[in-house]
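Read-outs throughout are calculated quantities, based only on the coordinates presented, and are distinct from any laboratory measurement. Here the structure is a predicted model, which is why all the values come from computation and not from measurement. Every residue, glycine among them, receives a Cβ derived from its backbone with ideal geometry; neighbour counts consider all protein chains shown.
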Amino acid sequence: MTLHPRESRYGRREFIGRSAAGIVGLSSLSTFLAACGGSDNGGSAAELQIASPGNPVTQPLFDDNPMIASGLEPESGTLRIYNWNGYLDPKIKKGFAKEYGVKVEETFFTTTDEAVQKISSGAVDYDVFFPTQDRVGRLVLGKRLQPLNLEYIPNLKNVWPSLQDPWYDKGSQYTVPYMTWTTGIGYRTDKIEKTPLDYANPYEIYWDEANRGKMFLLDDGRDAPAHMLLKNGITNINTEDPEDIALWEKELKSLYDMNVKVSTDDYTNIPEGKAWVHQMWSGSAIGAQWYLPEGVGTDALGFWFPADGVGTIGSDMMAVPKDAQNPVLAHHFLDYLLDVKNGYSNFANYVGYQPPLTKLDPDTLVADGVVPKNLKTAIVRESDFDKGLPLTELTPDGQVNWQNAWAEFRAGV
Amino acid sequence: MSEPGRRVGADGGRENRFWAGLALPGVVWLCVFFLLPFYVILCVALGSLDPILLTPAPEWNPLQWNTAAFEFVLDNLFTPGAAFETVFVRTFFYVLIATTLSLLIAYPVAYYVARYGGRWKGLLLVGLIAPFFISYLMRMLAWINLLQDDGWVNSVLIWVGILDAPRNWLDGRASSVILGLVYGYVPFMILPLYAFLDRIDRSLLEAARDLGASPFQAFRLVTLPLSTPAILAGVVIIALPMFGDYYTPDLLSGAPQTSLIGNQINLYIRGGQQVPVGAALVVVLMVFLTVLMGYYLFATARAQRRLGG
């Protein structure tokens, strides 16, 4: 592993200093030292740093993983996209295909881990991939993404300034933002008596007896525990303290009495009436209006996110895998999606998740009828990222402890 | 099956090779699509992780195998109250109840079609095979529609007067999951039962009646023992996939208290850095099912012997 000169300021000494400060656990440090130890230049190799808003990371560049040169013509081959299902409007694909005279093919994955596994196996060569912020560091270190040549992506200027230079990838060297979201609580105003706003501690709605059997948490081992921590006033939702993990596990299990259910179909469970209260992603709340049965108006939907902004927040991004066959075309596609008109149409007509584009004014979204007035809380604002709590990567040991506690809850023990 | 070899003399060796050659596609198929993938699962379970990407790194060399994942799984499986033990016991009982119910439903249906189908037999058979044309997932989704608050099940039960108000069948009940399993798998049980019952020589039953057996005695002493292999085959055919089922509880319940061993496997395989644990769980489940399968082979062989087959 050769280090780019720009990255040498993160030497091992500083890395150890940071990890001692509690940013990275010692065990993970040894894992990575072991990982890097095999290479011929040993200790000077790049090491993984766990990025967080308090520890912004400039991702390392590698000599053997260069970015594409400027001024190249886009390839004429088929653009192959690797994405979550339902996360891209087919019309956008058609529009791009027409404009560039190419074919666009989309393949779906169900979890980021599954996608990372496939991409790292080298068996597939997609041109565009949609990673999450907690995966960027490892994908870069494993040389699975190629650095972006931002000259091809002038539309990055349309993005909120803070996300043009985000903490997980300073200077947008490998990724550009795609969508933003928060995790709140969705509910049916026509079915429940007390909304989260009626509680001093809104998270307590999960324990409201009136919603027994109609209450869902997200089937996500990071998001669901985060709400249990927030209920207890713990804002470090990336805590690896065994006591905190035991606390969220206990809180989750106390919901068995409520016949708690888990699902990631929040965008249909609420409108179809399977759920009255559902831990929910903001994009699902906006998308839920398209799944309401006839005769039920959008005012039946509600979405709560902490008014002070101290809640779970995140953003997903777009990247170009290292082995992409059509890297230039891929860059153009990234730029195409950051175009305000395309980004808006993708959001408002299909996805429901919101691109962080400066020109998408929250008030206009409501005025245009894209977002019903009562779901205004589901609109993400740039300022939400000041106080919002992202789910950052855990250390390997921390991840194992989180997953085993989550598995215990999911087992119904 | 050894008939051709027995029939010929000097030519036998060549003919034997010919018949053995016919097995080749099957053998190749098994190796490529069963043994090889199984070895991969084993190597993932006994392997490690890519240090950077934390993706599973299968260990192909048996000398380097790392048993940590198996130790974790077995420890968790034999600790009362631990996650794997709880789900495993739950899965076992769900499958046991669902299989028993399926048998109770499938046997009379198969018996009726085989014995009393008459000229309707063809039509009834089509009716039995029809569910195979609809995917399992679609049938479960239909089941959700039937069971939801304003679904037909509630409407009918209220109309008949059994219920006063709609009941939330989908609020995480074990019964919904078990009935869902029965509903989903019962066609797979009817068919082998029918095929076997249809072949039972009626003269055997007539002989039993001639010798003074009542219809029930004839059934108990002749039909039932004769159909034991079919019952076992039906049980195996539906119990094996039920053990690995995870979408039925996901769709019909979603509650952690009704999750099955398949859900835990799914949880560990789908994400995180404990894919070897998920793979080890798969292997342990397979060993358990192999034991059941072994009993099936043993029992059918014994039944054949007893029938003088």
Task: Dipole in debye (nearest 20) - chain A, about Cα centre, beta carbon charges: Lys, Arg +1; Asp, Glu -1 - done: 320
- [ ] Would you be so kind as to identify which of A:Gly297, A:Asn342, A:Gly122 lies farthest towards the positive end of the dipole of chain A, taking Lys and Arg as +1 and Asp and Glu as -1 on Cβ and the Cα centre as origin?
- [x] A:Asn342
TODO: Please list the non-local residues whose amide H lies under 5 Å from the amide H of A:Ile379, H modeled 1.01 Å from N, same-chain partners needing a gap of 5 or more.
DONE: none
Task: Whole-number percent relative contact order across the stretch B:79-271, with pairs defined as alpha carbons under 8 Å at least 6 apart - done: 32
Open item on the list: With θ taken as phi - 60° and the coefficients 6.51, -1.76 and 1.60, list the Karplus ³J(HN,Hα) couplings across the stretch A:375-387 in order, rounded to whole Hz; mark glycine and proline as x.
Closed with: 10, 4, 5, 8, 7, 8, 10, 4, 5, 4, 6, 5, 10
Open item on the list: If the reach is capped at under 15 angstrom between alpha carbons, list the aspartates and glutamates near A:Lys94, excluding any in the same chain fewer than eight residues apart.
Closed with: A:Glu105, A:Glu106
Task: About the Cα centre, charge dipole magnitude for the stretch B:79-271 (Lys/Arg +1, Asp/Glu -1 at Cβ), debye - done: 460
Task: Set of aspartates and glutamates with alpha-carbon distance to B:Lys121 below 13 Å, sequence-local pairs under 8 removed - done: B:Asp198
Open item on the list: Report the Cα centroid-to-centroid distance between the stretch B:83-161 and the stretch A:246-305 in angstrom, as an integer.
Closed with: 30
TODO: Decide, for chain A, between rounded, prolate and oblate: order the square roots of the alpha carbon gyration tensor eigenvalues as a ≥ b ≥ c, take rounded if a/c falls under 1.5, and otherwise choose prolate if a/b is larger than b/c, else oblate.
DONE: oblate
- [ ] For the protein assembly as shown, give the magnitude of the charge dipole about the Cα centre (Cβ charges: +1 Lys/Arg, -1 Asp/Glu; no others), in debye to the nearest 20.
- [x] 2680
